[in-house]
1. Which ones in the stretch 176-188 are crowded, with 21+ Cβ neighbours inside 10 Å and part of a strand (DSSP E or B)?
2. Inspect all residues belonging to the stretch 39-50 and state whether any of them is within 27 Å of A132 (Cβ to Cβ), modelled with pLDDT of 90 or more, of a type in the set (G, A, S) and open to solvent by less than 20 Å² (accessible area, probe 1.4 Å).
3. Of all residues being modelled with pLDDT under 85 and charged (D, E, K, R) in the stretch 134-185, which is nearest to R212 (Cα to Cα)? Just the residue, please.
4. Residue check, K170 against (1) under 25 Å from I105 (Cα atoms); (2) out of contact with any helix residue (DSSP H, G or I) (no Cβ under 7 Å at 6 or more places or on another chain); (3) crowded, with 20+ Cβ neighbours inside 10 Å; (4) not acidic (D, E), all met but one. Which one?
5. Which one of these does T75 not meet: (1) surrounded by 16 or more Cβ atoms within 10 Å (Cβ to Cβ); (2) closer than 25 Å to L173 by Cβ; (3) of a type in the set (S, T, N, Q)?
6. Within the stretch 228-243, can one find any residue that is touching a helix residue (DSSP H, G or I) at 6+ places or on another chain (Cβ under 6 Å) and either open to solvent by 70 Å² or more (accessible area, probe 1.4 Å) or not β-branched (V, I, T) (or both)?
7. Here's a check for you: in the stretch 84-124, which residue that is over 18 Å from the mean Cα position of the chain (by Cα) and of a type in the set (D, E, K, R) is farthest from M243 (Cα to Cα)?
8. If the requirement is being modelled with pLDDT under 90, under 18 Å from F142 (Cα atoms) and either surrounded by fewer than 17 Cβ atoms within 10 Å (Cβ to Cβ) or of a type outside the set (D, E) (or both), which of these qualifies: F63, F23?
Amino acid sequence: MRTKVKAGFMQRVPILLIMLVSFCSFAQKNDPPQPANAEGDLDAVLSKMDKAAQNFKSVQADFEWDQYTKVVNDTDVQKGQLYLQRHQNNVEAGVNITSPTSKQIVFKDGKVRMYEPKIDQITEREVGANKADVESFLRLGFGERGHDLLKSYEVKLDGWETVDGVKTAKLELVGNSSSSIRNMFSKIVWWIDPERDVSLRQQLFQPNGDYRLAHYSDIKLNAKPSQDFFHLHTTSKTKVVTMKP
């Protein structure tokens, strides 16, 4: 069964995907931050990211997500696995949420599709003209060229911290006037391993005071993830709800 719905709350499903693959969980106890050497260190970090990005094909990782909502002073914690790959000139993502409620989200061929087994329903939406923005955001922290960040963000190196035994560069990103991300997030903080061009933690701040923390673990690069991760596991009775652009 296929149903169309008007734009509204569910119109934000593409944003939900962006948030899911980019934010999350409880802060880890890390070593005290080590001071950075301003522009020299920043340029070195971005250059290492540039080099690592040349070999990036895919990533898979476990995650915990912690989304804080200021108006109710509460957090929502989710756990699962993330899969991201470059396919020809496109970026494809698969997210399996295993806790507290099972959900599967796939971004592929310019469309976001979310399957909820509990109600046996798919909610889908074409991203249309926003496809490039969505793909760019999905690459944040996973295979993005370092110096390309300077086109859309003001980037600051705020020292070095050890996360899960890995020395990470703590980067602060603020969208510039040409970035559409600026309207969604006032600031993005990464703890990134520049040698692999992957972020182990991320924190995204929204103008309304909400924020999202992310922690990624068991990260596997270029492991050729099964293509099954990028297909929804539905039943013969699954209902499909299509959101209007």
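1. I188 - this is the single residue of the stretch 176-188 that is crowded, with 21+ Cβ neighbours inside 10 Å and part of a strand (DSSP E or B).
2. no
3. R182
4. (1)
5. Only one criterion in (1) surrounded by 16 or more Cβ atoms within 10 Å (Cβ to Cβ); (2) closer than 25 Å to L173 by Cβ; (3) of a type in the set (S, T, N, Q) is unmet by T75, namely (1).
6. Yes: the stretch 228-243 contains one or more residues that are touching a helix residue (DSSP H, G or I) at 6+ places or on another chain (Cβ under 6 Å) and either open to solvent by 70 Å² or more (accessible area, probe 1.4 Å) or not β-branched (V, I, T) (or both).
7. Per the criteria, the residue is K118.
8. Numbers: F63 fails: modelled with pLDDT under 90.
Matching residue, one of F63, F23: F23.
The values are calculated or read from the model by the stated rules, or taken from the named source; none is laboratory data. Quantities reported herein were computed from a predicted structural model and do not represent experimental measurements. Cβ: placed from backbone, ideal geometry, glycine included. Neighbour counts: every protein chain shown. The protein model used for the area step is the full one, side chains on, heavy atoms only, and it has no ligands, DNA or RNA in it. Shrake-Rupley method; radii C 1.70, N 1.55, O 1.52, S 1.80 Å.
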